[in-house]
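Colleague: One structure follows; several queries about it will come next.
Computed from the coordinates by the stated procedures, all read-outs in this text should not be read as laboratory data. Everything numeric here is computed off the predicted structure, so don't read it as measured data. No Cβ is skipped: glycine too gets one built from the backbone with ideal geometry, and neighbour counts run over all protein chains shown.
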Amino acid sequence: MVTDENIVILICIFFFIFILFLAGGLMFQYKKNNEACEEAICTIRTQINEYSRDFIKFTDFVNLEKTNNLRVITNNAFIENGVLYPNPSTENHEIIILQDIETLKIQLYLYVDSLEETPVIPYSLYY
Amino acid sequence: MESFIAVIVFFIISSFSFFIGTLMWKNRYNEKLKKILKSSQKELEFYENNIKIIHKQEKLKIPLEGLTILTGNAFVEDGYLYPTPEVAKNQVIVIQSSLNDEVYIYKYVYLKRYEQTFKPARVESQVKLLN
């Protein structure tokens, strides 16, 4: 029997189903986007780790262990009393290369304004 | 009957609120990921511009004159750069130009996990850069 009350109930049920499908679709879309984003971040971070393992990041100065045979190749830093300082003109993200004259070994340093630039990766990306 | 309708309406509204809340949370997480992706891309771009990755199977053509291999772990033969047999895995090769004192950093990559993401096009662009 078609009554006003039954029509209201039917509208409510249809509305509820509509909202359910809408939210489900949007959730699926977000999930897909997030997964693509997480995958891209993982790939890029792997590449960055590959590069950055050779660099020692520093902001103000670095205490060097052995300075006798070390020379600065890049001319954007200087060594004073066993401490490596960047030149005043050295800009953010500038590479400083030191070389041991005897062994020819290279040390790569990266001068950065602040060390807080590394983004905080969500825990879910590690697993 | 009225109380039954009220229960249904309440159920619908609470479900709707729950879904909206979940969507907003997902959106926030998505924005966070996008931010991380952007900063990571910027960081990678910096490294790519400064360090030239060479796959072990790739041959890098470099000019014969005007370049000095500072690290001593590579040599030039017939215009191509080769790492010495003793070169350690992922060791950095530093070459300096005697013309403008510019320093080029190269790195031979052996790791398998990098091979999956390695793009040979990068080496081609490096060769163009040096030539």
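Colleague: Which condition from (1) over 18 Å from A:Q99 (Cα atoms); (2) not in a helix (DSSP H, G or I) is the one that A:Q29 breaks?
Modeller: (2)
Colleague: Could you grab me the full set of residues in the stretch A:65-84 that are surrounded by 11 or more Cβ atoms within 10 Å (Cβ to Cβ) and either without any contact (Cβ under 8 Å) to a residue 12 or more places away in the chain or in a loop (DSSP other than H, G, I, E, B) (or both)?
Modeller: Hits for the stretch A:65-84 are A:T67, A:N69, A:I73, A:T74, A:N75, A:N76, A:F78, A:G82.
Colleague: Could you tell me whether the stretch A:43-55 includes any residue that is among the hydrophobic types (A, V, I, L, M, F, W, C) and outside any helix (DSSP H, G or I)?
Modeller: yes
Colleague: Mind checking whether some residue in the stretch A:41-55 is touching a strand residue (DSSP E or B) at 6+ places or on another chain (Cβ under 9 Å) and farther than 30 Å from B:K38 by Cα?
Modeller: No, the conditions are met nowhere in the stretch A:41-55.
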